[in-house]
Amino acid sequence: MTTGIYIRVSTEEQAKEGYSIANQKEKLIAFCESQGWSSYKIYSDEGYSAKDMKRPALQEMFNDMTQGVIKIILVYKLDRLTRSVRDLYTMLETFDKHDCKFKSATEVYDTTTAMGRLFITLVAALAQWERENTAERVRVVMENNVKNGKWKGGTLAYGYQLKNGNIVINEDEAATVSFIFNKIKFTGPLAIVRELIKKNIPTRTGSDWHVDTIRGIITNPFYIGYQRFNDSLKQYKGSVKQQKLYKSSHESIISEDEFWEVQEILNARKTHGSKKSTSTYYFSTVLTCGVCGASMCGHLSGNKKTYRCNKKKTSGNCDSSLILESTIVNWLLTNLESISKMLINNTITNTKGTITKEKHVNDFQKELKKITKLKEKHKTMYENDIIDIAELIEQTNKYRHREKEIKEIIHNIDKQDEKNEILKATLYNFNDAWAAATEPERKFLINSIFQNISIHAIGVHTRTKPRDIVISSIY
């Protein structure tokens, strides 16, 4: 009969007396000898927690048990095997199924009787409660530290280092962080990864740069002097504005204005700047035919990139002509100021329909104040028995609905102003960005700015002069 000696120690427990792998192994072998169990096999999980059963040595031991290799499982303490009541139930059922006994060298358990099984379950429940209670205390302490501007611990963000117990800026890494924040305004994470690799800029660990690393940097508020603390297990998901942010005492690498500008750019790309295409036709996802309204696709005419109407291509039912990509690029580069005005003067959409920027926010603020007075008026009328409770509820709900509409309109106006500022900055630097960008980056830049350009060609194409273009609409 072979005994399976199971040894486990977590990373945190390695330094504690009595919990080391060597210590457990020595005591358990001695226990086997005292019991006359001469045949034993050691299964050791080093650096693993007992919170679940995802441990390689544990799984190997269970596999041997199901094969009939071992008939006794010996541990130093029950919590070496598990701290989960649910997992304990699973293990006990498995032990019974394969006629395997369980023994703790330092505790008295008898898994062959109902009372013994109850006792071991109660002990496991207490162990699980202790673990969860400890985790909750740690969470509370960490959150209090964060609220008081102290570092919550863990791995420091790239760009920072610890010096004499204080968080200070690593100048070399900080320069890379600034580079990443600047580049992401005009290109994507993959292009940045390629450029960092090309420049031989190392990561902190010496491993390769990855798009997820870039995303982690550009969405980390630590760079503007904030720490985040979230209760959810799915930490840091969603937009940064939805997370719990606390002001910290460490120095910023990025200004708040630049950080939030980047977040707006990223959010905008999620909604309309992330169209997928493997082609290097810069405008293939944003052009529509100004004649019939159909989408336009890239087409190689000789060695020149052009665009043609999809409807004309598939059915011939359109009178539009081919448009050279170079013509569109020239129009774009020479008309940036007017394009900026066209984009910024567009209307914003809200729950009631479409409004123009000329509709001043003050008008809506006045209406909100008026609604507040009307709600108070109806409340007074109810208190004086002029109206009944049903009418009060009906009117109050009506006012609340309108309040919600107005606040959403104001929010959209403010948001549009932010987008316009980002757009102005992007277009202001467009020439330099365009000149330095690769073909995929240029396509990405176009998709980040435009949702749609309605275009058609006029005139006659000659060897010396291509057709002119007319932009019907742009947004």
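Any read-out appearing in this document is the output of simple, stated calculations on the displayed coordinates, not a laboratory observation. Since the model is a prediction, treat every value here as computed from it, not as a measurement. Every residue, glycine among them, receives a Cβ derived from its backbone with ideal geometry; neighbour counts consider all protein chains shown.
Compute the separation of the alpha-carbon centres of the stretch 364-417 and the stretch 148-198 and state it in Å as a whole number.
47
Once amide H atoms are placed 1.01 Å from N in the peptide plane, what residues at a sequence separation of 5 or more from TYR40, or on another chain, have their amide H within under 5 Å of its amide H?
Residues meeting the criterion, in which the H sits 1.01 Å from N, are THR3.
Taking the Cβ-Cβ separation of ASP208 and LYS404 as r and a Förster radius of 41 Å, what is the calculated FRET efficiency to the nearest 0.05?
0.25
Please arrange LEU322, LEU196, LEU300 by how many other C-beta atoms lie within 10 Å of their C-beta, fewest to most.
If I rank by nearby Cβ atoms, fewest first, I get LEU300, LEU322, LEU196.
With 10 Å bins from zero, work out the P(r) of the stretch 160-272 over every alpha carbon pair and list the percent per bin.
P(r) for the stretch 160-272, in whole percents per bin: 12, 43, 37, 7, 0.
Hey, which of these cross-link pairs are over 19 Å Cα-Cα: LYS305/LYS341; LYS25/LYS54; LYS25/LYS77; LYS199/LYS443; LYS25/LYS51; LYS375/LYS398?
With Cα atoms farther than 19 Å apart: LYS305/LYS341; LYS25/LYS54; LYS199/LYS443; LYS25/LYS51.
For the stretch 42-79, which trypsin sites (Lys or Arg not before Pro) are both in a DSSP coil and crowded by at most 12 other Cβ atoms within 10 Å?
LYS54
Hey, how many Å between the Cα centroid of the stretch 320-336 and the Cα centroid of the stretch 21-44?
When both Cα centres are located, 80 Å separates them.
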